[in-house]
Amino acid sequence: MKIAIIGQQDFGKAVLEAFLARGDEVAGVFCAPEKEGARPDVLRVAAQEKGLRVFQFPKLADVQAVDTMRALDVDIGIMAYVLQFAPQAFVNIPKRGTIQYHPSLLPKYRGPSSINWPLICGETETGLTIFRPTDGLDEGPIILQKSTAITENDTLGSVYFDRLFPQGVAAMLEAADLVVAGKHREAVQDESKASYEGWCRAAESKINFNNNVSFVHDLIRGCDPAPGAWTTLAGKKIQLFGSKKQLVRTYGAVKGKPGEITMITDSAMFITAQGGQIEIAKLKHEDGKKVSPTEFATAYAVAPGTLFGS
C-alpha cells in the first residue's frame with residue numbers, strides 16, 4: 001500500500017520502519033517542527049536517512065499541509081504519536097482516510113497522559129486503540145483494540161515499552177491492512193463510559209505520604225520513569241522510582257510517621273505512608289542522578305528517622 005506517516009519520536013520511527021520492512025511505499029512523512037535547542041526528532045532523522053520526503057508544517061491545518069497531503073495521493077494516512085491537531089480537511093484526504101494510535105482503551109483515558117493515569121488510578125487493565133481521528137480529542141470511531149493486564153508492580157515504563165509500544169506498532173499494521181482491504185468495522189465510542197485526563201506533570205506527580213500506601217504506590221509507578229513522582233528533602237525535589245508496597249493489617253503495626261524513612265538497604269529504602277510502607281529502589285535528587293538507596297543516603301546524609309516532605 002501507499003501511505004503517509006504523520007508522527008514523531010520513537011514510536012513514529014518504529015511504525016515507519018515496520019511499514020517499510022514489509023515493502024509498503026511511504027510517500028511522505030509529516031513531523032512537527034522541532035523547537036529551538038530540542039533534540040532532533042528521531043522519526044525525521046530516520047526518514048531523511050532513508051531518502052523519504054519529510055514535511056514539517058507548523059500546523060496541519062495550513063493550506064500547504066493540506067495541499068501536500070493531497071498531492072501525495074496515498075491509500076491511507078498513519079498517525080503514530082501526533083501532538084499536532086489534524087483537522088478533517090487533512091485526515092480525510094487519503095483514499096481510505098486516516099487511522100490513529102492511542103495508548104488506552106478508549107473511550108477511557110482520553111488525553112495526552114493516557115498511560116500514566118490508568119496506573120495512578122489503580123486500574124488492573126489498560127490497552128491500545130486504533131481509531132479514526134476526528135476534530136474531538138480521541139473521540140473518533142474505534143477500528144481495533146488490544147488489552148493488557150496491569151500487575152501490582154508494573155510501571156509506566158514496563159507497560160509502555162514492554163507491551164503498548166510493540167503491540168501498538170503491530171496493531172497499526174493490522175488496522176491499516178483491514179481498512180485498505182475494506183474489511184474493517186468502525187464502532188462509535190460510548191460517551192457514557194468516556195473519561196478525559198490532561199497532562200501528568202510536576203503538579204500532578206507530587207507525593208503526599210499522608211495518603212494511603214496504595215495510592216502513593218500507584219502514583220509513583222504511574223510516573224515511573226516520567227515525569228517522576230516526587231517529594232522534598234530540605235526544600236529540594238527528590239524523585240522516587242521502583243516502588244513496591246507493604247500493607248499493614250493490624251492496629252499499631254505501622255512504623256514511623258508518614259514520610260519517615262524506617263530502613264535503608266542496598267536495594268531498598270522504606271518510607272512510611274498511611275496503612276503501610278513504600279519500598280523504593282532508586283532515588284534522584286534534583287542536583288544529582290538516579291542512584292541506589294545507600295548511595296543516596298551517603299550523598300545526602302539521610303538515615304532512618306529522616307522525614308521526606310520537608
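Just the residues that are among the hydrophobic types (A, V, I, L, M, F, W, C) and within 17 Å of PRO107 (Cβ to Cβ), please, taken from the range 131-163.
PHE131, LEU137, ILE142, ILE143, LEU144
Within the range 141-155, does at least one residue satisfy the condition of being among the acidic types (Asp, Glu) and farther than 15 Å from ALA194 by Cα?
Yes, the range 141-155 has at least one match.
Hey, among ALA61, ALA80, ALA38, which residue is farther than 20 Å from MET1 by Cα, small (Gly, Ala, Ser) and surrounded by 13 or more Cβ atoms within 10 Å (Cβ to Cβ)? Outline the logic, then answer.
Details: ALA80 fails: farther than 20 Å from MET1 by Cα; ALA38 fails: surrounded by 13 or more Cβ atoms within 10 Å (Cβ to Cβ).
When all the criteria are applied, what remains is ALA61.
Listed residues ALA234, ALA299; which is exposed (fewer than 15 other Cβ atoms within 10 Å of the Cβ) and on the phi > 0 side of the Ramachandran plot? If you could, list the steps in order and put the result at the bottom.
On the way: ALA299 fails: on the phi > 0 side of the Ramachandran plot.
Being exposed (fewer than 15 other Cβ atoms within 10 Å of the Cβ) and on the phi > 0 side of the Ramachandran plot holds for just one of ALA234, ALA299, which is ALA234.
Quick check, is GLY12 modelled with pLDDT of 95 or more, under 23 Å from THR134 (Cβ atoms) and assigned to a strand (DSSP E or B)? Please lay out each step first, then the result.
Values: modelled with pLDDT of 95 or more: yes; under 23 Å from THR134 (Cβ atoms): yes; assigned to a strand (DSSP E or B): no.
For GLY12, the condition - modelled with pLDDT of 95 or more, under 23 Å from THR134 (Cβ atoms) and assigned to a strand (DSSP E or B) - is not met.
Just give me the residues in the range 86-111 being among the charged types (D, E, K, R) and either open to solvent by less than 10 Å² (accessible area, probe 1.4 Å) or touching a Pro at 6+ places or on another chain (Cβ under 9 Å) (or both), in sequence order.
LYS108
Tell me, please, whether a residue that is of a type in the set (Asp, Glu), free of Cβ contacts under 8 Å to residues at least 60 places away in the same chain and either open to solvent by less than 10 Å² (accessible area, probe 1.4 Å) or assigned to a helix (DSSP H, G or I) (or both) can be found in the range 165-176.
Yes.
Only residues in the range 40-55 that are in contact (Cβ under 8 Å) with a residue 24 or more places away in the chain and within 22 Å of PHE90 (Cβ to Cβ) count as the first member; pair them with residues that are of a type in the set (A, V, I, L, M) and outside any strand (DSSP E or B), Cβ under 7 angstrom, at least 6 apart or cross-chain, and list the lot.
Filtered contacts from the range 40-55: LEU43/LEU16; ALA47/LEU16; VAL54/ALA47.
Could you tell me whether LYS193 is of a type in the set (Lys, Arg) and closer than 30 Å to PRO141 by Cβ?
Working: of a type in the set (Lys, Arg): yes; closer than 30 Å to PRO141 by Cβ: yes.
Yes.
Picking from ASP224, ASP287, which residue would you name as being in contact (Cβ under 8 Å) with a residue 60 or more places away in the chain and either closer than 26 Å to TYR160 by Cα or open to solvent by 30 Å² or more (accessible area, probe 1.4 Å) (or both)?
ASP224
Can you pull out every residue in the range 237-278 that is open to solvent by 40 Å² or more (accessible area, probe 1.4 Å) and within 24 Å of the chain's Cα centre (by Cα)?
Those that are open to solvent by 40 Å² or more (accessible area, probe 1.4 Å) and within 24 Å of the chain's Cα centre (by Cα): LYS237, LYS244, LYS245.
Among the listed residues SER114, SER147, which satisfies the condition of being open to solvent by less than 10 Å² (accessible area, probe 1.4 Å) and small (Gly, Ala, Ser)?
None of the other options fit; the residue is SER114.
Among the residues that make up the range 221-240, is at least one of them within 27 Å of GLY111 (Cα to Cα), small (Gly, Ala, Ser) and in contact with a strand residue (DSSP E or B) (Cβ under 7 Å, 6 or more places away or on another chain)?
Checking the range 221-240: at least one residue is within 27 Å of GLY111 (Cα to Cα), small (Gly, Ala, Ser) and in contact with a strand residue (DSSP E or B) (Cβ under 7 Å, 6 or more places away or on another chain).
Pairs please, first residue from the range 195-207 and at positive phi, second anywhere and crowded, with 18+ Cβ neighbours inside 10 Å and assigned to a loop (DSSP other than H, G, I, E, B), Cβ atoms under 9 Å, 6+ apart in sequence or on different chains.
none
Under the condition of being in a loop (DSSP other than H, G, I, E, B) and of a type in the set (Phe, Trp, Tyr), which residue from the range 184-210 is most open to solvent (accessible area, probe 1.4 Å)?
TRP199
The values are calculated or read from the model by the stated rules, or taken from the named source; none is laboratory data. Every value quoted in this text rests on a predicted model; they were computed, and no experiment measured them. We place every Cβ from the backbone using ideal geometry, glycine too, and count neighbours over all the protein chains shown. Remember, those area values only see protein heavy atoms, side chains included, never the ligands or the DNA or RNA. Shrake-Rupley method; radii C 1.70, N 1.55, O 1.52, S 1.80 Å.
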